[in-house]
């Protein structure tokens with residue numbers, strides 16, 4: 001990537017794989033000058049997207065709860081990334097996906113200062129290619145119908161009862177990140193889901209450890225065995 005950047009006459013290059021949040025210490029050791037931008041998104045929207053992609057599968061006994069399981073994964077991943085990021089000090093920053101979509105200019109101005117590179121929104125619109133011009137989405141039908149609106153999609157797709165359960169599971173994290181809960185009586189109710197949360201966090205942590213430390217991990221991370 002550094003060679004590509006040199007040939008193109010640019011000083012910065014970026015890589016945006018979400019799983020990098022699990023490897024921030026290793027990335028920082030390999031690239032001491034790396035800067036980390038953690039884009040936080042409303043867990044209700046993130047869970048809907050994860051469920052639609054089928055990346056996070058529930059245990060056999062939790063069939064029918066895939067969006068809830070996706071929400072637990074979102075919570076685990078975000079909290080793990082924030083914990084690792086906080087150790088990076090001034091080389092780590094957070095922005096909200098919703099702010100970037102709805103008010104891009106001030107967000108890009110702040111990021112410009114952080115990475116010491118001009119992020120001119122008008123120029124981005126003019127020269128953007130690939131997913132910058134045509135955003136990737138799990139809800140392709142919305143994009144095709146030209147009503148693409150990724151912010152607050154959960155309001156259109158969650159049933160009231162399901163939303164109440166979802167917010168009771170991850171509501172504390174949502175509020176910590178600045179997202180207001182839509183259902184009443186959910187705050188502080190996460191204890192009722194402690195067993196389910198621990199079961200999935202243990203599975204995710206075990207798979208991550210295997211992937212990092214053993215050849216077997218690559219097999220266990222495959223889609224065919226994602227229920228493990």
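Side notes on the structure shown:
- By the count of neighbouring beta-carbon atoms within 10 Å, fewest first, 1, 77 end up ordered 1, 77.
- Tensor-based shape of segment 1-74 (alpha-carbon gyration tensor, a/c under 1.5 rounded, otherwise prolate or oblate): prolate
- Per-bin percent of Cα-Cα distances, segment 1-125 [10 Å]: 11, 34, 33, 17, 4, 0
- In this simple spin-label approximation, residue 39 and residue 79 carry label points 7 Å from Cα along the Cα→Cβ vector, and these lie 2.4 nm apart.
- For the pair residue 149 and residue 161 in one chain, pulling the backbone fully straight at 0.36 nm per residue adds 2.0 nm over the alpha carbon distance.
- Full extension of the chain between residue 52 and residue 124 gives 23.0 nm of extra length, using 0.36 nm per residue less the Cα-Cα distance.
- Pairwise FRET efficiency - residue 198 versus residue 30, Cβ, R0 = 35 Å, nearest 0.05: 0.60
- FRET efficiency, 1/(1 + (r/R0)^6) with R0 41 Å, evaluated for residue 105 and residue 6 via beta carbons: 0.85
- Peptide ranges 175-182, 8-15 listed from the most packed, as the mean C-beta count within 10 angstrom indicates: 175-182, 8-15
- Placing pseudo-labels 7 Å out from each Cα toward the beta carbon at residue 93 and residue 112 gives an inter-label distance of 1.2 nm.
Only the coordinates and a few stated rules stand behind these numbers; no lab work does. Since this is a predicted model, take the numbers as computed values, not measurements. Every residue, glycine among them, receives a Cβ derived from its backbone with ideal geometry; neighbour counts consider all protein chains shown.
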